[in-house]
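All remarks here apply to the structure that follows.
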Amino acid sequence: MNQANFFSRVSLDRTGEKRHNQQWLVKKLLDEKSLFYLCHGEQWLGIPEKGLVACFHQQVAKLLKHLDSWVFLGTVPCSSETDCCQEGALSKGEIAEFALDISHLDLSDSELEKLPGEWCYPRELAMVSSERQGSLLAMASTLLHWHRRHQFCGCCGNKTTLEAGGHEILCSNLDCQHKTYPRIDPSVIMLVHDQTSCLLGRQEQWQAGRFSTLAGYVEPAESLEQAVAREVMEESGIKIIDPIYHSSQPWPFPNSLMLAFTATPVSRDITLHDQELAEARWFTRQEIVDQLNSGELKLPPTIAVARQLIEDWFNQGWDTSLSNIIQSVEAEKS
Ligand SMILES: [Zn+2]
């Protein structure tokens with residue numbers, strides 16, 4: 001099944017052709033209609049129950065003077081349906097959107113204290129964000145994280161500069177001029193299942209009862225299918241066949257691209273070969289329902305492709321959808 005997952009469900013207008021137009025970028029950075037998303041360290045300006053906050057130029061004008069890291073995210077046509085927390089104040093036209101890293105500023109700075117919202121971790125914001133906000137957050141946080149880790153050239157050690165609206169990094173040493181592009185780490189994530197049960201695992205540091213699909217990074221000179229088979233063997237000792245592509249998902253914590261698969265087991269005896277998982281178990285649909293109801297089992301959040309993998313398998317063999325079952329359980333608790 002091919003489907004768009006959270007963090008890429010809305011196609012952003014990246015307006016890539018403008019990234020090399022420095023004059024246009026400067027004009028838009030100074031445009032009172034432009035929108036700005038702010039990051040400080042690992043946190044983003046947001047509203048805990050509503051998601052990412054878009055600031056207007058007048059709110060960030062003083063912050064723009066001393067920026068080390070910023071990125072042009074793209075444009076959005078202005079309309080009353082524009083998805084930000086401050087609707088109603090936008091004028092017509094093409095609105096540019098930027099992400100600014102203001103980590104170098106003290107949070108007690110009076111300019112920062114005037115900003116709307118509070119500093120939130122991106123995982124928390126993603127859980128309450130709209131699909132468009134989720135896509136913006138994924139793009140912005142991956143790029144600004146990349147900036148922070150590439151301030152010096154990996155070839156000669158000289159300081160780097162940002163190019164192309166923050167989408168390229170260039171070495172400032174004229175004898176080097178090494179250019180780097182945003183880093184994305186491919187990872188496979190897979191639901192191993194047969195008709196009756198699926199394989200889920202839990203990591204030691206997860207909250208009690210939390211189980212999810214197996215996953216891991218793709219290694220050099222390895223196909224995605226080989227990575228699926230290797231990771232399942234390493235984490236559970238189970239041999240699989242027939243890895244089938246399901247969907248993909250950008251996972252901006254900090255820069256993964258999750259490539260989701262299903263796979264068929266040819267053995268069922270579990271052996272934890274590496275230290276990735278504290279536990280791995282087979283779950284029938286009935287066990288999932290019973291343990292969700294009893295509170296023993298917690299599945300990944302709806303924004304994660306892991307949840308989609310589990311739901312798609314579960315729903316093929318049960319009358320009530322898994323999302324309805326989980327909603328009922330949560331409604332009873334609250
Ligand atoms: Zn260099």
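The values are calculated or read from the model by the stated rules, or taken from the named source; none is laboratory data. What you see is a predicted model, and the numbers here were worked out from it, not measured in a lab. Here the Cβ positions follow ideal geometry from the backbone for every residue, glycine too, while neighbour counts run over all protein chains shown. The protein model used for the area step is the full one, side chains on, heavy atoms only, and it has no ligands, DNA or RNA in it. Shrake-Rupley method; radii C 1.70, N 1.55, O 1.52, S 1.80 Å.
For the reader, a short list of remarks on this structure follows.
- Order by protection proxy (mean Cβ within 10 Å, highest first), peptides 187-200, 167-180: 187-200, 167-180
- Approximate shape of the stretch 208-272 as ellipsoid semi-axes (Cα gyration tensor, √5λ), whole Å, largest first: 20, 16, 12
- Heavy-atom surface analysis with a 1.4 Å probe gives the chain a carbon and sulfur content of 49 percent of its accessible area.
- Positive contributions from Lys and Arg (+1) and negative ones from Asp and Glu (-1), summed over other residues with Cβ under 14 Å from the Cβ of residue 173, come out at +1.
- For the stretch 206-334, the share of alpha carbon pairs falling in successive 5 Å distance bins from zero is 2, 9, 18, 22, 22, 16, 8, 3, 1, 0 percent.
- Label-to-label distance, residue 61 versus residue 33, with points set 7 angstrom from Cα along the beta-carbon direction: 1.8 nm.
- Here the calculated FRET efficiency for residue 184 and residue 148, from their Cβ-Cβ distance with R0 = 22 Å, stands at 0.90, rounded to the nearest 0.05.
- Note on the chain: GNM, Cα springs under 10 Å; of 319, 101, 68, the largest mean-square fluctuation is that of 319.
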